[in-house]
Every structure is written in structure tokens, then in C-alpha cells.
Amino acid sequence: MKLTMNALGIGLIIGLSTMSASASGLQKVSANYVSSDYAKTKYPIVFNHGMFGFTRLGTQSFGMDYFYQILPDLARNGANVYATQVSPLESTEVRGEQLLQQVDEVIALTGSSKVNLIGHSHGGPTIRYIEIVAPQKVASLTAVAGTIKGSKVADDLLANQAASSVMTVLGQYLIAPIITILEGNPSLSNSLDRSLKSISEKGSTEFNNKYPSAAIPTDCGQGQKVTTNGVYHYSWTGTAQITNLFDIADTAISQLAPLSYKNKDNDGLVSRCNTHFGQVIRDNYTQSHLDEVNLILGLKGLFAPDPVVLFRQHANRLKLQGL
């Protein structure tokens, strides 16, 4: 039944939410009705996608969102929520500057002094960039399967010249430009090399050494939840690779990390320990890297947790914390 509804939905719950976009790519998600204030945080919630990510591909009546069904659900539960649009393939610094412009836009639109930032995958280091350059604008950071300490998949791709060449042709010159065209922002720059270096373990170590944070643990434990600048930090991730046989794309992608790490202590792209950031809510959900944001079209494991519910619960967590 869920599969049928998701297929018919094609990324949207038509009539239950609307999305408006600005020139920068910032998208405001509003609900046609609000059923509760369960997710009504003090500060706006701003989402940032990962590598090869997007806000929405297609139109409101026929399109697919990166954070599938998550933002509309939060809006229906009282949240003031936005999706940001940055380069699918770029360095953390370039993506971070693009995100900063949209954070400033949210602050201007809402009159709020701060925002709650949530980033998936490369979105984790990207939202951390905002804390680095403008901590006064950040109430909290939440990294979902964030490449906080990087992914060895990127290191291996960079070391393999043949694989890098193929990925550059397909990713940088085909897939990424198509994404930016479909989401209506073709001027966004793309660089596979800078993207891979940023999310590699080597590049992430260099970034973290340059911009250290008490929220990043030195081992596989918890980081500091609240740092001296008053910013709250959270994270969670999964440790599954094959969760739904109908989700062919996700299954194929999720074989990369097991090949690189020679184990399954990862979500298919990022190792469990490398995602730890601040308070680790949980690091072993039965979710793959794309399941964590409800891609593709909400397909997930039969007994796996619903990503929509996890994000709703987290918004309530932020609310109860006064954020």
C-alpha cells in the first residue's frame, strides 16, 4: 500500500503542502493546514542536501523532493521550514558560502536571529561551515549521516584514475548539470574533484584540523552537545545497505562503502563512527544512506523506522530544548 501511494505521489502530497522558491534557490515549504504544534521550534528549520543532491526535481504537481515528504510533514506539525539549494558537486567552502546566503535570506524573511540547520551527507560539513563563519546565526546543527570525518569511498575514487575519469564525465558533465537545470538553477558550479576531496577522509581531516570543534569526537563516542558558542549539535545514521529490493538505485549505491571499508559498519556510503557529531541520537538505524532522507520515493525496509517520523521527533526535541 505504501509503495502504491508513494508511486502515485511522485515525491509530493498534492494539496497538503506548497513550496515557493527564491532566486537563490531557497524554498519555503508551507502547509495548507496545520494539525499540531508538535514540531514548532523557536527558530526556523533549514535543510541542506548532500552530494548529487537537490531541493526538488520537476514541478510542484509532478516532481521529487530530496527530503521526500519530510518538510511537508514538519510544516503540518507547526514548523517554519526551508530547503536550501547548493551545488550538487563542490567543495564544502563553496557550498557553505551558497548556504550562508540562503541562511541570511531566511533570517531576513522571518525576523529570526538564528536558524536550526539540518544537513544530510555532505550537508553535514556544509552546515558546519555556517557555524565556523557565523556562529551567531546558528541555534543548532544536526548531521544526518554526515561526512563529518569523511568517507573512504571518496578517497578510493580519487586514487583510482580510471574511476575518477568516468565519474567526472558522468557526474560533473552530465548528472549534476541535469540536476541544476531541473531544479531551476543552472548557474550553480560543479566540480567532482573538489567535492570528492571535501568528503574524503583525508580532506575531512584537513578541514577539521583547520576548523576544530568539540562536537567532533576523537573516537567513536559522543561529541560535545553544546559548545562554548552556545550552539547545539546532534547526529544520527544507519548501518544498512540493502533494505528494499524495489529500490534498485539505492541498493547499487550502498555497495560502495562495504567495498572500501571491507565491512558493513556503515550505511553504504559513510562509516558509522565517521558520522558522530555532538549528541549521537542513534547510529545503527536499519537505513541505508538514501533511506535516511526517505529517498527514493519513500522506499525502505519493511520493519525499518519511518524517516519522516524521525525528523518530526527531532523537531520536537529541538522545540523542547528551546531551539
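The values are calculated or read from the model by the stated rules, or taken from the named source; none is laboratory data. Source: prediction; values computed, not measured. Cβ placement follows ideal geometry from the backbone for every residue including glycine, while neighbour counts extend to all protein chains displayed. We work out accessible area using only protein heavy atoms, side chains counted, and drop any ligands, DNA or RNA first. Shrake-Rupley method; radii C 1.70, N 1.55, O 1.52, S 1.80 Å.
Some notes on this structure:
- Flag for LEU259 being over 19 Å from the mean Cα position of the chain (by Cα) and open to solvent by 40 Å² or more (accessible area, probe 1.4 Å): yes
- Here PHE277 meets the list (1) part of a loop (DSSP other than H, G, I, E, B); (2) open to solvent by less than 10 Å² (accessible area, probe 1.4 Å); (3) closer than 24 Å to ALA75 by Cβ; (4) not aliphatic (A, V, I, L, M) almost entirely, failing just condition (3).
- Boolean, ASP267 is at pLDDT 95 or above and of a type outside the set (Val, Ile, Thr): yes
- Yes/no for VAL231 being in contact with a strand residue (DSSP E or B) (Cβ under 8 Å, 6 or more places away or on another chain) and touching a residue at least 24 places away in the same chain (Cβ under 8 Å): yes
- Pairs with Cβ under 9 Å, 6+ apart, first in the range 151-178 and closer than 17 Å to ILE253 by Cβ and in contact (Cβ under 8 Å) with a residue 24 or more places away in the chain, second aliphatic (A, V, I, L, M) and open to solvent by 80 Å² or more (accessible area, probe 1.4 Å): VAL153/LEU259; ASP156/LEU259
- Odd one out for PHE52, checked against (1) surrounded by fewer than 24 Cβ atoms within 10 Å (Cβ to Cβ); (2) modelled with pLDDT under 95; (3) not in a helix (DSSP H, G or I): (2)
- Residues of the range 72-114 that are assigned to a loop (DSSP other than H, G, I, E, B) and under 14 Å from GLY53 (Cα atoms): THR84, GLN85, VAL86, SER87, PRO88, LEU89, GLU90, SER91.
- Tally of residues being open to solvent by 10 Å² or more (accessible area, probe 1.4 Å) and either in contact with a Cys (Cβ under 7 Å, 6 or more places away or on another chain) or not in a helix (DSSP H, G or I) (or both) across the range 119-143: 1
- Residue that is most open to solvent (accessible area, probe 1.4 Å), among those in the range 27-49 that are of a type outside the set (Ser, Thr, Tyr) and part of a loop (DSSP other than H, G, I, E, B): LYS42
- Boolean, PHE246 is among the hydrophobic types (A, V, I, L, M, F, W, C) and at pLDDT below 95: yes
- Condition check for ASP267 on (1) touching a Leu at 6+ places or on another chain (Cβ under 8 Å); (2) crowded, with 22+ Cβ neighbours inside 10 Å; (3) of a type in the set (D, E, K, R): one failure, at (1).
- In the range 293-317, the residues that are without any contact (Cβ under 8 Å) to a residue 24 or more places away in the chain and closer than 14 Å to ASP267 by Cα form no Cβ pair under 7 Å with any partner that is open to solvent by 40 Å² or more (accessible area, probe 1.4 Å) and assigned to a loop (DSSP other than H, G, I, E, B), whether six or more places apart or across chains.
- From GLY146, GLY221, GLY150, residue being out of contact with any helix residue (DSSP H, G or I) (no Cβ under 8 Å at 6 or more places or on another chain) and part of a loop (DSSP other than H, G, I, E, B): GLY221
- Boolean, ASP104 is open to solvent by 10 Å² or more (accessible area, probe 1.4 Å), in contact with a helix residue (DSSP H, G or I) (Cβ under 6 Å, 6 or more places away or on another chain) and at pLDDT 95 or above: no
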